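Worksheet: the structure to be examined is printed underneath.
The values are calculated or read from the model by the stated rules, or taken from the named source; none is laboratory data. From a predicted model like this one, the values you see are computed outputs, not experimental measurements. Virtual Cβ from ideal backbone geometry, glycine too; neighbours counted across all protein chains shown.
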Amino acid sequence: MSQDWAPMWKELGLDLKAHDELLNVLGKFYNDIFMSQKDRPQGMQYFDFVMSEVHGLRIKELLDAKAQSRKVIATFCLYIPEEIALATNAVQVGLCGGAEMGFNIAEKYLPRNTCSLIKSFFGFSEAKICPYFEASDLVVGENTCDGKKKAYEIFKDLRNLYVMDMPNMKHEKGRELLKSEYIKYLQMMEKLTGKKITVESLKKGIHIANEKRKAIGRVMDLRKHNPTPISGKDALLINQVAFYDDPLRFTDSVNKIADECEKRVKNKIGVVSKETPRILVSGCPMAVPNWKVPHVIETNGAVIVGEESCVGMRNIRNLVSDKGNTVEQLVDNLVDRYFKIDCAIFTPNKDRLDHIVQMAKDLKADGVVHYSLQFCTPYNTESHLVENTLQKAKIPLLKIETDYSMEDMGQLNTRVQAFVEMIKK
């Protein structure tokens, strides 16, 4: 880090000893996983810097924004539209939830067999090791899976929490529910920030979010080329940083990476050889610092060329139209876009199955790794439908169910290595 941020962390109320332990572990983990890679695009240096300051300089920026009377909104899910926060001049950030930290505290509130993502955000919050919780003015949750629904009932007594209801079926009544929730959220944000959302301010928010999606999309689309110009780990890192970084600065940095990757494609420069098996990863989101499965895949002779995930294609697929003369018309446009996100909470969910097959074909993937967290009922159950769909499409599949611990690394290495060898043959 560029300077000593301990006084800031202390003022935020973090447990400095536990937080130092977290940063030490993550620093080594990051160095082993990312800095050991060869032939990375030069533009990834920016993202290395962001991660080195993710609990330092970025938190200082959030506190500076608060000093200017801007609100900081912390979210867990794609269904919370960043466009609305931007329209009120608020800052929206994602929350920590990708490491096995503070689980002993989380399990005081939650069953032991709760999925790691939920236990992680509980642990990061109540162990006082996540400055994003402490810097936020409001935490926004969403009723997606049953685990989150019930966890939020407990979490609301611990944090300033707003919960948005979500439809589970894609019919007209589901769309009406999502629109009503977005309108209530918009009104709540106006009250919280003291900013009236206008057509102009909402169009500005839509433009900023769209430009960010388009920039990420440029990089992700280039991965269809062989050899791929960027590793799956670095591509995942870009998708993860999208939830933390300043959106304008982030978009500019990603466009520079895209420019560099275009030159690499033109010059046939890749991070691996053309013979390397190409893998599409599908399933649960991977929040920082959940890099275990991608690291296993890319250290066992394969390269990841796409992520069918909330921290991947689901976050950037489809833009929001800025056509409209009223705020309600623009909210309709938001609903049109966000209602298309094919999370496993939806039933039926044929769109997701179709997208997996189409992504595998577009990216010229040799196989799919379906990743799900233990005790994640939606994705674990839907993996059976994914398997049937890919069998019909004659696309090889490896299903991985794991958690955030390192205890199954040996088993994962063996299974992935065998899958890669099978693809090669």
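Checking the structure you have, find out if any residue of region 407-414 is of a type in the set (D, E, K, R), at pLDDT 95 or above, surrounded by 15 or more Cβ atoms within 10 Å (Cβ to Cβ) and touching an Asp or Glu at 6+ places or on another chain (Cβ under 8 Å).
Looking for residues that are of a type in the set (D, E, K, R), at pLDDT 95 or above, surrounded by 15 or more Cβ atoms within 10 Å (Cβ to Cβ) and touching an Asp or Glu at 6+ places or on another chain (Cβ under 8 Å), one finds none in region 407-414, hence no.
Quick one: would you say ILE84 is touching a residue at least 24 places away in the same chain (Cβ under 8 Å), of a type in the set (A, V, I, L, M), in a helix (DSSP H, G or I) and more than 30 Å from ILE206 (Cα to Cα)? Talk me through it step by step, then tell me what you get.
Numbers: touching a residue at least 24 places away in the same chain (Cβ under 8 Å): yes; of a type in the set (A, V, I, L, M): yes; in a helix (DSSP H, G or I): yes; more than 30 Å from ILE206 (Cα to Cα): no.
The answer is no for ILE84.
Got at least one residue in region 103-112 being over 29 Å from CYS261 (Cα atoms) and in contact (Cβ under 8 Å) with a residue 40 or more places away in the chain?
Pass one, region 103-112, residues over 29 Å from CYS261 (Cα atoms): 103-112.
Now drop any that are not in contact (Cβ under 8 Å) with a residue 40 or more places away in the chain, which leaves 109-110.
Among the residues of region 103-112, at least one is over 29 Å from CYS261 (Cα atoms) and in contact (Cβ under 8 Å) with a residue 40 or more places away in the chain, which makes the answer yes.
Given the criteria surrounded by fewer than 17 Cβ atoms within 10 Å (Cβ to Cβ), among the hydrophobic types (A, V, I, L, M, F, W, C) and modelled with pLDDT of 95 or more, does MET422 qualify? Even if it seems obvious, please write down each step before you answer.
Working: surrounded by fewer than 17 Cβ atoms within 10 Å (Cβ to Cβ): yes; among the hydrophobic types (A, V, I, L, M, F, W, C): yes; modelled with pLDDT of 95 or more: yes.
Answer is yes for this residue.
How many residues are within 30 Å of PHE103 (Cα to Cα) and either of a type outside the set (S, T, N, Q) or surrounded by 14 or more Cβ atoms within 10 Å (Cβ to Cβ) (or both) when one looks only at region 387-406? Show your work before the answer.
Going residue by residue through region 387-406, those that are within 30 Å of PHE103 (Cα to Cα) are 398-406.
Applying the additional criterion that residues be either of a type outside the set (S, T, N, Q) or surrounded by 14 or more Cβ atoms within 10 Å (Cβ to Cβ) (or both) yields 398-404, 406.
Within region 387-406, residues that are within 30 Å of PHE103 (Cα to Cα) and either of a type outside the set (S, T, N, Q) or surrounded by 14 or more Cβ atoms within 10 Å (Cβ to Cβ) (or both) number 8.
Which residue out of ARG223, ARG175 is surrounded by 20 or more Cβ atoms within 10 Å (Cβ to Cβ) and of a type in the set (Lys, Arg)?
Working: ARG175 fails: surrounded by 20 or more Cβ atoms within 10 Å (Cβ to Cβ).
Just a single option satisfies the conditions, and that option is ARG223.
Could you list all residues from region 95-136 that are under 23 Å from MET51 (Cα atoms), touching a strand residue (DSSP E or B) at 6+ places or on another chain (Cβ under 7 Å) and in a loop (DSSP other than H, G, I, E, B)?
Of everything in region 95-136, those that are under 23 Å from MET51 (Cα atoms), touching a strand residue (DSSP E or B) at 6+ places or on another chain (Cβ under 7 Å) and in a loop (DSSP other than H, G, I, E, B) turn out to be LEU95, SER136.
To keep it simple, each residue is scored yes or no on (1) over 29 Å from PRO247 (Cβ atoms); (2) free of Cβ contacts under 8 Å to residues at least 12 places away in the same chain; (3) surrounded by fewer than 18 Cβ atoms within 10 Å (Cβ to Cβ); (4) of a type in the set (Asp, Glu).
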| position | (1), (2), (3), (4) |
| --- | --- |
| TRP9 | no, no, no, no |
| LEU16 | yes, yes, yes, no |
| HIS19 | no, no, no, no |
| PHE29 | no, no, yes, no |
| ASP32 | yes, yes, yes, yes |
| GLN37 | no, no, yes, no |
| PRO41 | no, no, no, no |
| TYR46 | no, no, no, no |
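Considering VAL272, VAL265, which residue is within 30 Å of ILE395 (Cα to Cα), among the aliphatic types (A, V, I, L, M) and part of a loop (DSSP other than H, G, I, E, B)?
Criteria check complete, one pass: VAL272.
Could you list all residues from region 168-210 that are under 15 Å from ASP336 (Cβ atoms), in a loop (DSSP other than H, G, I, E, B) and either β-branched (Val, Ile, Thr) or within 25 Å of the chain's Cα centre (by Cα) (or both)?
LYS170
If you scan region 111-126, which residues turn out to be within 24 Å of LYS60 (Cα to Cα) and in contact with a Leu (Cβ under 9 Å, 6 or more places away or on another chain)? Working first, answer last.
Applying the first criterion (within 24 Å of LYS60 (Cα to Cα)) to region 111-126 yields 120-126.
Of everything in region 111-126, those that are within 24 Å of LYS60 (Cα to Cα) and in contact with a Leu (Cβ under 9 Å, 6 or more places away or on another chain) turn out to be PHE121, PHE122, PHE124, SER125, GLU126.
Suppose we keep only residues that are part of a strand (DSSP E or B) and not acidic (Asp, Glu) within region 301-331. Which one would you say is farthest from the chain's Cα centre (by Cα)?
Going through region 301-331, the residues part of a strand (DSSP E or B) turn out to be 303-308.
Add one more test, that the residue is not acidic (Asp, Glu), and what stays is 303-306.
On the way: VAL303: 20, ILE304: 16, VAL305: 16, GLY306: 14 Å.
Here the answer is VAL303.
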